[in-house]
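Working notes for the structure below.
The values are calculated or read from the model by the stated rules, or taken from the named source; none is laboratory data. All values reported here derive from a predicted model rather than from experimental measurement. In this analysis, Cβ positions are derived from the backbone assuming ideal geometry, glycine residues included, and neighbour counts consider all displayed protein chains. Accessible surface is based on the protein model in full, side chains and every heavy atom, while ligands, DNA and RNA are left aside. Shrake-Rupley method; radii C 1.70, N 1.55, O 1.52, S 1.80 Å.
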Amino acid sequence: MKRTRNDRTPDWLARRAELSPGKVALVDATTGAEVTYREWNRRANRVTNAIAGLGLQKGDRVAVLATNCLEYLDVLFACQKGGYILQALNWRLTPHELKGLVEDAAPRLFVYGPDLAEKAQAVLEAVPVEH
């Protein structure tokens, strides 16, 4: 089985992309778009490389404030591939509640969906995050 960069955790997505590259892995319920395991693995690898390009290291936290979407899954698997710790934030929480969670976890990267930009900005004004 393929291994991640840390060579301890199996890279499930890369292995699935090897075994059944053309098989549909995900279907976007809103648009009907289909993503194969090969494409999903490529997407996750691009996100992993983008995160690494920001200077994050294994063990660094990545906070995510988003609703259910394919991009969320890309970030989830990118964190697994790069050894980053995913901090899943509940989009239903108030900015005040989110501030405490972000402050406690001290993520180096804060990712948010465009529909939650206003809420994310309110959190980031109170709790600075590097990226």
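Here is a check on your reading of the model: is Glu34 among the acidic types (Asp, Glu) and closer than 26 Å to Arg15 by Cβ? Quick ask: steps written out before the conclusion?
Numbers: among the acidic types (Asp, Glu): yes; closer than 26 Å to Arg15 by Cβ: yes.
In short, yes.
So that you can scan it fast, the table gives a plain yes or no per residue for (1) closer than 23 Å to Thr30 by Cβ; (2) in contact with a helix residue (DSSP H, G or I) (Cβ under 9 Å, 6 or more places away or on another chain); (3) not acidic (Asp, Glu):
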{"residue": "Val62", "(1), (2), (3)": "no, yes, yes"}
{"residue": "Thr67", "(1), (2), (3)": "yes, yes, yes"}
{"residue": "Leu76", "(1), (2), (3)": "yes, yes, yes"}
{"residue": "Gly83", "(1), (2), (3)": "no, no, yes"}
{"residue": "Thr94", "(1), (2), (3)": "no, yes, yes"}
{"residue": "Glu97", "(1), (2), (3)": "no, no, no"}
{"residue": "Pro107", "(1), (2), (3)": "no, no, yes"}
Residues (more than 26 Å from Gln57 (Cα to Cα) and open to solvent by less than 30 Å² (accessible area, probe 1.4 Å)) located in segment 104-119
Leu116
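Residue-wise test of (1) of a type in the set (A, V, I, L, M, F, W, C); (2) modelled with pLDDT of 95 or more.
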{"site": "Thr30", "(1), (2)": "no, no"}
{"site": "Glu34", "(1), (2)": "no, yes"}
{"site": "Arg43", "(1), (2)": "no, yes"}
{"site": "Asp60", "(1), (2)": "no, yes"}
{"site": "Asn68", "(1), (2)": "no, no"}
{"site": "Arg92", "(1), (2)": "no, yes"}
{"site": "Leu101", "(1), (2)": "yes, yes"}
{"site": "Arg108", "(1), (2)": "no, yes"}
Taking segment 105-128 on its own, how many of its residues are over 30 Å from Pro10 (Cβ atoms) and either in a helix (DSSP H, G or I) or in contact with a Leu (Cβ under 8 Å, 6 or more places away or on another chain) (or both)?
13
Qualifying residues in segment 85-104 (those that are more than 25 Å from Thr48 (Cα to Cα) and of a type outside the set (Gly, Ala, Ser)) - the one farthest from the chain's Cα centre (by Cα):
His96
List the pairs whose first member sits in segment 109-124 and is without any contact (Cβ under 8 Å) to a residue 40 or more places away in the chain, whose second member is open to solvent by less than 30 Å² (accessible area, probe 1.4 Å) and part of a strand (DSSP E or B), and whose Cβ atoms are under 9 Å apart, counting only residues at least 6 apart or on separate chains?
Leu124/Phe110
Qualifying residues in segment 13-53 (those that are open to solvent by 60 Å² or more (accessible area, probe 1.4 Å) and among the acidic types (Asp, Glu)) - the one farthest from the chain's Cα centre (by Cα)
Glu18
Only one of Leu70, Leu86, Leu101, Leu56 that is out of contact with any Lys or Arg (no Cβ under 7 Å at 6 or more places or on another chain) and open to solvent by less than 40 Å² (accessible area, probe 1.4 Å):
Leu70
